[in-house]
Amino acid sequence: DLGDYEKKKDLLTRALEIDDKHYGKDHPQTGITLGSLGTAWGDLGDYEKKKDLLTRALEIFEKHYGKDHPQTGITLCNLGVTWGQLGDFGKSKDLLIRALRIFEKHYGKDHPRTATILANLGNIWGQLGDYEKKKDLLTRALEIFEKHYGKDHPEIGTTLANLGVTWGALGDYE
């Protein structure tokens, strides 16, 4: 890993201070920086801090753009993944389903961004013990990724690996 996550966090903290001062605490630019800073805290393993920052960003985006804007959807997805990292898979699922609806509306059911949400949601269903649902969502995601990226893109490998584990959990070892 080549990333310097402490430096990333420090720079984004400075950027947030400037955004707060220049734009205000509820401006969309401040929301973008909050989201990036949340990701930096997640890179450092502090998922509570990540959740808090992403929640603030979500409030800003919902206020300025509405509940079904793509930026709101991106933040819902990131927040959903974060709740999964914190072990609250029910909350994660609910947020990812909201993000999926937004992405399907704005990007279509066949877009790689939609496929990413499907894959994340599938993995959460697996955490909740529903491996059939996980398999179905990962299969949909795989079809979309293959259509857009071809058969040997890294996203295909990740999805195939998750799908393989899922088939194993379903008892299909062949």
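The values are calculated or read from the model by the stated rules, or taken from the named source; none is laboratory data. Just so you know, these numbers come straight off a predicted model, no measurement behind them. Positions of Cβ are backbone-derived with ideal geometry, glycine not excepted, and every protein chain shown enters the neighbour counts. The area values use the complete protein model at the heavy-atom level, side chains included, leaving out ligands, DNA and RNA. Shrake-Rupley method; radii C 1.70, N 1.55, O 1.52, S 1.80 Å.
For the reader, a short list of remarks on this structure follows.
- Computed over region 131-171, relative contact order equals 58 percent, with contacts defined as Cα pairs under 8 Å that lie 6+ residues apart.
- Between Ala161 and Leu44, the simple label model (points 7 Å from Cα in the Cβ direction) yields a spacing of 2.7 nm.
- Once you reduce region 40-97 and region 5-21 to the center of their Cα atoms, the two points are 19 Å from each other.
- Average Cα contact separation per residue, region 1-103, under 8 Å, 6 or more apart, as relative contact order %: 20 percent
- Cross-link pairs Lys8/Lys63; Lys91/Lys134; Lys105/Lys134; Lys8/Lys50; Lys51/Lys135; Lys105/Lys135 - those with Cα-Cα distance over 20 Å: Lys8/Lys63; Lys105/Lys134; Lys51/Lys135; Lys105/Lys135
- The mean sequence distance of close C-alpha pairs (under 8 Å, at least 6 residues apart), as a share of the length of the chain, puts its relative contact order at 12 percent.
- Taking the alpha carbon gyration tensor of region 82-151, multiplying each eigenvalue by 5 and rooting it gives semi-axes of 21, 14, 9 Å, largest first.
- Where only DSSP H runs of four or more residues are counted, the chain gives -27000 deg cm²/dmol as its mean residue ellipticity at 222 nm, each run worth -39500 (n - 2.57).
- Value of Rg to Rh for region 42-83 (Rh from inverse mean 1/r over Cα pairs, i.e. Kirkwood): 1.00
- Put simply, the C-alpha atoms of the chain give a gyration tensor, and the ellipsoid matching it has half-axes of 31, 18, 15 Å, longest first.
- Percent accessible area from carbon and sulfur atoms, region 1-83, protein chains only, probe 1.4 Å: 52 percent
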